[in-house]
Amino acid sequence: FFVVAGYRLLLPPAWLEYPTVAALNFHPSLLPQYPGPAPVEWAILKGETTTGISIIKMTEEYDQGPIIAQKKLPILSTDTRLTLYQKLYELGAETILGILLSSYKAWPCRPTRPGLNEIFYARRLHRIDGYIPWADIQTSMDTGHHAKEIDRKIRALAGYPGTWTHLPNRKRIKILTSHLESKKLTLDLIQLEGKTPTAFSLSLVS
C-alpha cells in the first residue's frame, strides 16, 4: 500500500502502479464535494453543517479516484479550520486502519466524478482572502448584519492565512478569535501588527 494524506503534489504514474494492492488517499471532505487543497476552510465558509472524510484509490487526477469509504462528521458552530482538521484527520486515521486490516477484495468502490456543474473546487486560500473591511466588522458588531458570514470567515481562516483588517486609525490588526452573541459579532482575541495577541477593546479603534 501507499497511504497519502495532505500531499500537495500528484504522484507519478509509476508510483501509483508500484503498490501491490493500491495507493490510497485520505481527503477531508465528502467527495465529490469540495475536491481541492482547502476543503475544510470552504465547508466552514459556505456554512455547511456536515462534512466528513473520504478514502479513495489514487489516480492521475486530484481527488478523482473511486471511493472506498466515507464517514460523516458534524461541523460545530465553534469549529475552526484547526479543530475541524484535527477531528477529520483522527477519523481518517481510524478509517484507514480499518480498511488496511480488512480484505481488499471486499472493498466497495464507486466512482467519484459527478457532473461538472455539481463540483465546488476548494481552492487554496491566500492572505488577501482574509481581508475584512472594518466597516463590515463594525456593522456586524452593532446590528448583526452579516455577523454569521464574518464569524465563519474568522473560524475558516484561523491560523493560516488568517483574517485581518485596517482600523480607522490605520492600524492593521489580525483577528484571531470571535463569537456570536445575540446574533451580533463579538471580537475576542486580536493582534496588532508587531505586537502580541490581546483582548479586543474599542479603545484600540480610536
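So is Lys174 basic (Lys, Arg) and assigned to a helix (DSSP H, G or I) or not?
Judged against the criteria, Lys174 is not a match.
Would you mention how many residues in segment 167-203 are in contact (Cβ under 8 Å) with a residue 12 or more places away in the chain and either aromatic (Phe, Trp, Tyr) or over 20 Å from Thr143 (Cα atoms) (or both)?
13
Just to be sure I understand, how many residues within segment 71-93 are without any contact (Cβ under 8 Å) to a residue 24 or more places away in the chain, polar (S, T, N, Q) and either touching a Cys at 6+ places or on another chain (Cβ under 6 Å) or surrounded by 14 or more Cβ atoms within 10 Å (Cβ to Cβ) (or both)?
1
Looking at (1) within 22 Å of Val21 (Cβ to Cβ); (2) surrounded by fewer than 17 Cβ atoms within 10 Å (Cβ to Cβ); (3) of a type outside the set (Lys, Arg), which is the one condition that is false for Gly47?
It is condition (1) that Gly47 fails.
Could you check segment 1-23 and list, in sequence order, the residues that are open to solvent by 100 Å² or more (accessible area, probe 1.4 Å), under 23 Å from Lys105 (Cα atoms) and either of a type in the set (A, V, I, L, M, F, W, C) or in contact with a Phe, Trp or Tyr (Cβ under 6 Å, 6 or more places away or on another chain) (or both)?
Listed by number, the residues that qualify are Phe1, Trp15.
Answer yes if at least one residue in segment 13-29 is within 22 Å of Ser178 (Cα to Cα) and part of a strand (DSSP E or B), and no otherwise.
No, the conditions are met nowhere in segment 13-29.
Can you pull out every residue in segment 119-152 that is open to solvent by 80 Å² or more (accessible area, probe 1.4 Å), part of a loop (DSSP other than H, G, I, E, B) and touching a strand residue (DSSP E or B) at 6+ places or on another chain (Cβ under 8 Å)?
Matches in segment 119-152: Thr143 only.
Tally the residues that are assigned to a strand (DSSP E or B) and either more than 17 Å from Leu24 (Cβ to Cβ) or touching a His at 6+ places or on another chain (Cβ under 9 Å) (or both), restricting the search to segment 63-90.
Total satisfying the criteria: 3.
Quick check on my filter: what residues within segment 178-206 are surrounded by 14 or more Cβ atoms within 10 Å (Cβ to Cβ) and in contact with a Pro (Cβ under 9 Å, 6 or more places away or on another chain)?
Passing the criteria: Ile190, Gln191.
The values are calculated or read from the model by the stated rules, or taken from the named source; none is laboratory data. Remember, predicted model here, so these are calculated numbers, not experimental data. Note: ideal-geometry Cβ built from the backbone for every residue, glycine included; neighbour counts use all protein chains shown. The accessibility values were calculated without ligands, DNA or RNA, using every heavy atom of the protein model including side chains. Shrake-Rupley method; radii C 1.70, N 1.55, O 1.52, S 1.80 Å.
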